[in-house]
Amino acid sequence: GKHRIVIPCLGHFKEEYEKVSKLYLNNKIRTTRYTLLNFLPRNLFEQFHRVANLYFLFLVVLNWVPLVEAFQKEITMLPLIGVLTIIAVKDGLEDYSRYKMDKRINNLVTKVYSR
């Protein structure tokens, strides 16, 4: 199988390393952006940083004003909801593939050489 090889070169920094290493719980690799709890709010926050999504949101809000209403209120929300849903699914799938890759890397057998 594949192995990760870690070669610590502590030397003069052994005491400093021991102080700093107590601050960290583990050395797992994590490249994912989201968790199950923060996926929806964080994804919406990131999506509304795009100018096009803000424009469509502005059109939806503007259509709720009775004087300016051009279409039915629900119809103007469909394109925005569709785009947000498609991008959220894409981001979720990408993040899940990152999670699987992280899990595979973190479960590799590791050899540590010390003096």
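The values are calculated or read from the model by the stated rules, or taken from the named source; none is laboratory data. Since we're looking at a predicted model, the values are computed, not measured. No Cβ is skipped: glycine too gets one built from the backbone with ideal geometry, and neighbour counts run over all protein chains shown.
Does I87 qualify as being hydrophobic (A, V, I, L, M, F, W, C), under 26 Å from the mean Cα position of the chain (by Cα) and closer than 14 Å to L44 by Cβ? It is true that I87 is hydrophobic (A, V, I, L, M, F, W, C), under 26 Å from the mean Cα position of the chain (by Cα) and closer than 14 Å to L44 by Cβ.
Just to be sure before I move on: is V89 modelled with pLDDT under 95 and of a type in the set (V, I, T) in the structure I sent? When the stated conditions are applied, V89 does not pass them. When K28, K19 are checked against the criterion of being closer than 30 Å to V109 by Cα, outside any loop (DSSP other than H, G, I, E, B) and at pLDDT below 90, a single residue qualifies: K19. Just to be sure, is L59 within 26 Å of the chain's Cα centre (by Cα) and at pLDDT 85 or above? Considered against the rule, which asks whether it is within 26 Å of the chain's Cα centre (by Cα) and at pLDDT 85 or above, L59 comes out as no. Among the residues of segment 31-46, just one is surrounded by fewer than 12 Cβ atoms within 10 Å (Cβ to Cβ) and touching a Lys or Arg at 6+ places or on another chain (Cβ under 6 Å), namely T31. Condition test on T76, is it hydroxyl-bearing (S, T, Y) and outside any helix (DSSP H, G or I)? Here the answer is no, as T76 does not meet what is asked.
Are any of the residues in segment 47-59 in a loop (DSSP other than H, G, I, E, B) and surrounded by 12 or more Cβ atoms within 10 Å (Cβ to Cβ)? Steps first, please.
First, the residues of segment 47-59 that are in a loop (DSSP other than H, G, I, E, B): 48-50.
Those left that are additionally surrounded by 12 or more Cβ atoms within 10 Å (Cβ to Cβ): 48, 50.
Yes, segment 47-59 contains at least one residue that is in a loop (DSSP other than H, G, I, E, B) and surrounded by 12 or more Cβ atoms within 10 Å (Cβ to Cβ).
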